[in-house]
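A.B. asks: Quick one: this structure, given as C-alpha cells, is what I'll be asking you about.
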Amino acid sequence: MHAVGIVAAAGSGLRLGAELPKALVHLGGRPLVCWAVESLRAGGVEQVVVAVPAPQQAAFTAVLPDDVHVVVGGDTRTASVRAALGAAREHADAVLVHDAARPLTPPDVVARVLAALAAGARAVVPVLPVVDTTVVVDGDGVVTADVPRAPLRRVQTPQGFDRATLVAAYAHAHGTAAEFTDDASVVRAAGIPVQTVAGDERAAKITVAHDLRMAELQTEWPR
Ligand SMILES: Nc1ccn([C@@H]2O[C@H](COP(=O)(O)OP(=O)(O)OP(=O)(O)O)[C@@H](O)[C@H]2O)c(=O)n1
Ligand SMILES: C[C@](O)(CO)[C@H](O)COP(=O)(O)O
C-alpha cells in the first residue's frame, strides 16, 4: 500500500498566543511542523504534503525538507486539508491526515493506522478513552446531566483513509453548511463507517501554552 501524508499546518494558533503561526513555533529546537512530518515518515509514510498559511509560505518552505510539497491552506482546517488533498498524488492508495499541532505522535500510532487500512478499513482514527467524569452544563454553568463515559473516546491524528473514499467524501461535503472539526467527520457525513485504533497520550494536541511546556518536558524523556 502506498500512502501519502497530509499535514494541516495553516492555522494561526490564537489559543497558543505565540507571535508566529503555531506550526512554526519551536519545540526542542525545531518547528512543530517538522516534528509532525517526521512522525509520519518514521511511521511509514513517504510523500508528505503540508498546508501552510499564505503569508508565511516562504518561512515554511525554508524549514521543511526539500521533498515536502507545500501548498497554501484555507480559512478552516477542512479547507486546508481540501487544498492539500488536491495536491496529493493520485497513485497513492491511502491518505493519512495529521495535525502539525500533534508533534510528538509516536510512529507506532502511524503504523497502527496504516495496518488497519491495509487490513481493509476505509477510514481509521486513533482514539483514547475519556478519563474524567463528564457532564453537560447549561448557559449558567450549572450541571444538567451526567454523561456515561464508557462509550466516549478522544480522537487524535493521523487519521487514515482509502484515498478515493476521502476524495469522494470531501466532494460530498463541498458547498454544504456543515462544519467539521476533523476528517473522519467529513467521511462519516458521507455515510462511511470509521474504525478506531489505539491512540497515544504522547500524540496530545498543542493548543494552549501549557501544552507546549508539557511537550518540552516530553522531548527530554526517553522515547
Ligand atoms: N485554517 C486552518 C486551521 C487549522 N489548521 C491546522 O489544523 C490543526 C488543528 O488546529 P488547531 O490546533 O485548532 O490550530 P489553530 O486553528 O491554529 O489554533 P487556534 O484555534 O488556537 O487558532 C493545526 O495543526 C492547524 O495548523 C489548518 O491547517 N488550517
Ligand atoms: C483534528 C483534531 O485534532 C482531532 O482531535 C481536532 O478535531 C482539531 O480540532 P481544533 O478545534 O481544530 O483544535
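Bear in mind that the values in this text are calculations on the coordinates, not laboratory data. Computed from a predicted structure; not experimentally measured. A quick note on method: Cβ atoms are made from the backbone with ideal geometry, for glycine too, and the neighbour counts reach across all protein chains shown.
A.B. asks: So if I place +1 on the C-beta of Lys and Arg and -1 on the C-beta of Asp and Glu, and nothing else carries charge, what would the dipole magnitude of the chain be about its Cα centre? I want it in debye, nearest 20. Could the numbers behind the result be given before it?
C.D. replies: Details: 19 positive and 23 negative charges, 46 e Å.
Around 220 debye, computed over the chain.
A.B. asks: Rounded, prolate or oblate: which fits the range 70-170 when a ≥ b ≥ c are the square roots of the eigenvalues of the alpha-carbon gyration tensor, with rounded for a/c under 1.5 and prolate only if a/b beats b/c?
C.D. replies: Verdict is prolate for the range 70-170.
A.B. asks: For a quick check: sort Leu32, Leu217, Leu152, Leu85 by the number of other beta carbons within 10 angstrom, fewest at the front.
C.D. replies: Numbers: Leu32 29, Leu217 8, Leu152 11, Leu85 22.
So the residues, fewest neighbours to most, are Leu217, Leu152, Leu85, Leu32.
A.B. asks: With a ≥ b ≥ c the root eigenvalues of the C-alpha gyration tensor of the range 43-120, is it rounded (a/c under 1.5), prolate (a/b larger than b/c) or oblate? Each step should come with its number before you reach the end.
C.D. replies: Details: a/c = 1.84, a/b = 1.59, b/c = 1.16.
It comes out prolate by the Cα gyration axes.
A.B. asks: Search the structure for amide H atoms under 5 Å from the amide H of Lys205, placed 1.01 Å from N in the peptide plane, and list their residues when 5 or more places away or on another chain.
C.D. replies: Sorted by chain and number, the residues that satisfy this come to none at all.
A.B. asks: Now for a separate question. To make sure I understand, if each residue's beta carbon is the centre and we count other beta carbons within 10 Å, what order do Trp221, Trp35 fall in, fewest to most?
C.D. replies: Trp221, Trp35
A.B. asks: Follow-up question, since we're still on this one. Sort Glu179, Glu38 by Cβ crowding within 10 Å, fewest neighbours at the top. Mind dumping the intermediate values first?
C.D. replies: Numbers: Glu179 10, Glu38 16.
Least crowded to most crowded, the residues run Glu179, Glu38.
A.B. asks: Consider just the alpha-carbon atoms of the chain and return their Rg together with their Dmax, both in angstrom.
C.D. replies: Calculated on Cα positions, Rg and Dmax stand at 17.3, 53 Å.
A.B. asks: All other residues with a Cβ under 14 Å from the Cβ of Thr76 taken together, and with Lys, Arg as +1 and Asp, Glu as -1, what is their net charge? Please report the intermediate quantities before stating the final value.
C.D. replies: Numbers: positive: Arg77, Arg82; negative: Asp75, Asp99, Glu179, Asp182, Asp183.
Neighbourhood net charge equals -3.
A.B. asks: Here is a further query. Summing Lys, Arg as +1 and Asp, Glu as -1, what charge do residues with Cβ under 13 Å from the Cβ of Val97 carry, Val97 excluded? All intermediate terms of the calculation are to be shown ahead of the outcome.
C.D. replies: Values: positive: Arg77, Arg82, Arg102, Arg163; negative: Asp99, Asp162, Asp182, Asp183.
With Lys, Arg at +1 and Asp, Glu at -1, the net is 0.
A.B. asks: Same structure, new question: For the range 172-217, just list the percent of Cα-Cα distances falling in each 5 Å bin from zero outward, please.
C.D. replies: Percent of pairs per bin, in order: 5, 16, 18, 15, 13, 16, 11, 6, 1.
A.B. asks: Something else: Give me the net charge for the shell around Gly44: Cβ to Cβ below 15 angstrom, other residues only, Lys and Arg +1, Asp and Glu -1. Each step should come with its number before you reach the end.
C.D. replies: Details: positive: Arg41, Arg112; negative: Glu38, Glu46, Asp93, Asp108.
That sum, taken over residues with Cβ under 15 Å, equals -2.
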